[in-house]
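K.L.:
Mind looking over this structure? Questions follow.
The values are calculated or read from the model by the stated rules, or taken from the named source; none is laboratory data. For clarity, every value in this text was computed on a predicted model and none was experimentally measured. Neighbour counts run over all protein chains shown; Cβ positions are idealised from the backbone, glycine included. We work out accessible area using only protein heavy atoms, side chains counted, and drop any ligands, DNA or RNA first. Shrake-Rupley method; radii C 1.70, N 1.55, O 1.52, S 1.80 Å.
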Amino acid sequence: MQQVVTIEQLPETALDAAEAFRVTYLADIRKILEAGDDVAIRLPAATYDHEDWRKAIVRDLARAHAPARVNMVSGAGAAAIEATLAYLAKAPGVTGQYLPLAGAGRHDTHG
């Protein structure tokens, strides 16, 4: 079963956002994974400089908690995010992925 962890807001700078994620959400996400459930982490859109910490966290969580799956989705469009979460719930081979959707990363938010 996939549980969705929704994070509504993080600090603007990448370093502060990574620290806030670690302090506020990481322990709860690990508990879900240790219980054997899959996790999809839903994050707000961010600028390109957030990509590295997001990829590192989702990749390392997936490796540490296999066979439980963990993926991360970000973006500004609710419909696109919901469609991606529905896909991930039924895609048993997809894990450790950071999926920045439109409005959510280096491809279109440089500022």
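K.L.:
Would you confirm, using the coordinates I've provided, whether Arg63 is of a type in the set (D, E, K, R) and open to solvent by less than 70 Å² (accessible area, probe 1.4 Å)?
P.N.:
The answer is no for Arg63.
K.L.:
Of the residues Ala14, Ala35, which single one is in contact with a helix residue (DSSP H, G or I) (Cβ under 7 Å, 6 or more places away or on another chain), hydrophobic (A, V, I, L, M, F, W, C), surrounded by fewer than 20 Cβ atoms within 10 Å (Cβ to Cβ) and at pLDDT 95 or above?
P.N.:
Ala14
A quick yes/no check of all residues on (1) touching a residue at least 12 places away in the same chain (Cβ under 8 Å); (2) part of a helix (DSSP H, G or I):
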| site | (1), (2) |
| --- | --- |
| Gln9 | yes, no |
| Ala18 | yes, yes |
| Trp53 | yes, yes |
| Ile81 | yes, yes |
| Ala91 | no, no |
| Thr95 | yes, no |
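K.L.:
Cβ-Cβ distance below 8 Å, separation of 6 or more or different chains: which pairs start in region 55-70 with a residue that is under 17 Å from Ala89 (Cα atoms) and end on one that is open to solvent by less than 40 Å² (accessible area, probe 1.4 Å) and of a type in the set (S, T, N, Q)?
P.N.:
Sorted first by the residue in region 55-70, then by its partner, the pairs are Val58/Asn71; Ala62/Asn71.
K.L.:
Give just the number: which of (1) assigned to a helix (DSSP H, G or I); (2) modelled with pLDDT under 95 does Ala45 not satisfy?
P.N.:
(1)
K.L.:
Identify, by number, the condition in (1) within 27 Å of Leu15 (Cβ to Cβ); (2) touching a helix residue (DSSP H, G or I) at 6+ places or on another chain (Cβ under 7 Å) that Val94 doesn't meet.
P.N.:
All conditions are met except number (1).
K.L.:
Go over the candidates Gly96, Gly75 one by one and state the one that is at positive phi and either in contact with a Pro (Cβ under 9 Å, 6 or more places away or on another chain) or buried (at least 20 other Cβ atoms within 10 Å of the Cβ) (or both).
P.N.:
Unique residue meeting the criteria: Gly75.
K.L.:
Still on this structure: Here is a list: Thr47, Thr6. Which entry is more than 13 Å from the chain's Cα centre (by Cα), β-branched (Val, Ile, Thr) and closer than 20 Å to Ile81 by Cβ?
P.N.:
Thr47
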